[in-house]
Amino acid sequence: MNLNSNKLKPFKLSLQLLLELTIMEEKIFTINLRKRALKTPRWKKTNRAAATIRNFLSRHMKTEPDNIKIGDSINHEIWSRGDQKPPAKIKIKVIKTDDGVVKAEMFGHVFEEEIKEEKPKKEEKKESEKKEEPKHKESKESTNK
């Protein structure tokens, strides 16, 4: 099957448009954490590293620090060696959505939205079962009289 066939072109275009609408910017950064760590007391180094990442992203992605969401993978990487020895450099992947929210994860890590799948709601099933129960009770009472 030829990938350049006319049947697949509308699908490719719609997929590209969908990706462009949902993701505004996607960038990869390598952040040097050692610069700020040298000027910091040993017991504050990892806390300062997290603040450095947030400030770096707010400056380079042109957004407020409140709109930045740092993922669990970055947090685990920074704190893996304790609060006194953060990594010297960290490579991250950053996505800025149309809302202005910036999401960051380790380079090579899959974002949470890509993993999550919709689950059927259990509440709807329970409500339909509850409606059937009173009908059965009424029929039993009428047979007893």
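Do you know which residues across the range 49-69 are of a type outside the set (Phe, Trp, Tyr) and crowded, with 18+ Cβ neighbours inside 10 Å? Steps first, answer last, please.
Filtering the range 49-69 for residues of a type outside the set (Phe, Trp, Tyr) gives 49-55, 57-69.
Result: Ala49, Thr52, Ile53, Leu57, Met61, Ile68.
Does Met24 satisfy being touching a strand residue (DSSP E or B) at 6+ places or on another chain (Cβ under 6 Å), farther than 14 Å from Ile90 by Cα, modelled with pLDDT of 90 or more and surrounded by 10 or more Cβ atoms within 10 Å (Cβ to Cβ)?
Values: touching a strand residue (DSSP E or B) at 6+ places or on another chain (Cβ under 6 Å): yes; farther than 14 Å from Ile90 by Cα: yes; modelled with pLDDT of 90 or more: no; surrounded by 10 or more Cβ atoms within 10 Å (Cβ to Cβ): yes.
Spelling it out, it is not the case that Met24 is touching a strand residue (DSSP E or B) at 6+ places or on another chain (Cβ under 6 Å), farther than 14 Å from Ile90 by Cα, modelled with pLDDT of 90 or more and surrounded by 10 or more Cβ atoms within 10 Å (Cβ to Cβ).
In the range 82-112, what residues are within 16 Å of Lys69 (Cα to Cα) and part of a loop (DSSP other than H, G, I, E, B)?
Asp98, Asp99, Gly100, Val101, Phe107, His109, Val110, Phe111
Show the residue pairs that are 6+ apart or on different chains and have beta-carbon atoms under 9 Å apart, the first residue being within the range 45-62 and of a type in the set (Gly, Ala, Ser), the second being surrounded by 20 or more Cβ atoms within 10 Å (Cβ to Cβ) and assigned to a helix (DSSP H, G or I).
Within 9 Å, the pairs are Ala49/Ala37; Ala49/Ile78; Ala50/Ile74; Ala50/Ile78.
The values are calculated or read from the model by the stated rules, or taken from the named source; none is laboratory data. Just so it is clear, the model here is predicted, and its values are computed rather than measured. All Cβ positions, even for glycine, are placed from backbone atoms using ideal geometry, and neighbour counts span all protein chains on display.
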